[in-house]
Amino acid sequence: QVQLRESGGGLVQAGGSLRLSCAASGAIFSINAMGWYRQAPGKQRELVAVIPSGGTTNYADSVKGRFTISRDNAKNTVSLQMNSLKPEDTAVYYCNAVLKPLGLSRSYDYWGQGTQVTVSS
């Protein structure tokens, strides 16, 4: 069974930094894209950053220049370094992976359980 396990998150003051990490484990054949989404109270889940297996990264306009996504293909991990955090970055952050499990013919979306990031003003 495939699982995404997140770590990091927490409470930080505006202007501070946090780092989120996510590890994919289980019967995985290949991973296409890995990324981070977030959902603030009363709002829809939105893309924060995504890194394909062989392409360029993509960021939401609101985090460009402040957040950096990175990936370790050998370890099936993805990280999000968040700098210059703002109160509006407060949300539950979810790790996402588009991957093909062993024995299956196509890729599926998998999600982590979510981790809370709170930025105080």
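The values are calculated or read from the model by the stated rules, or taken from the named source; none is laboratory data. Keep in mind that what you see is a predicted model, and the values were worked out from it rather than measured. Cβ: placed from backbone, ideal geometry, glycine included. Neighbour counts: every protein chain shown. Just so you know, the surface numbers come from the protein's heavy atoms only, side chains and all, with ligands and any DNA or RNA stripped out. Shrake-Rupley method; radii C 1.70, N 1.55, O 1.52, S 1.80 Å.
Regarding Tyr59, is this residue open to solvent by 30 Å² or more (accessible area, probe 1.4 Å), without any contact (Cβ under 8 Å) to a residue 24 or more places away in the chain and in contact with a strand residue (DSSP E or B) (Cβ under 8 Å, 6 or more places away or on another chain)? Judged against the criteria, Tyr59 is a match.
Scoring Ser120 on the criteria (1) open to solvent by less than 50 Å² (accessible area, probe 1.4 Å); (2) under 13 Å from Gly35 (Cβ atoms); (3) modelled with pLDDT of 95 or more; (4) not aromatic (Phe, Trp, Tyr) leaves a single failure, condition (2).
Being open to solvent by 20 Å² or more (accessible area, probe 1.4 Å), modelled with pLDDT of 95 or more and closer than 13 Å to Ala33 by Cα is a property that does not hold for Asn96. Cβ separations smaller than 7 Å between residues 6+ apart or across chains give the following pairs from region 27-50 residues that are farther than 17 Å from Val92 by Cβ and without any contact (Cβ under 8 Å) to a residue 60 or more places away in the chain to residues that are assigned to a strand (DSSP E or B) and open to solvent by 40 Å² or more (accessible area, probe 1.4 Å): Val50/Asn58.
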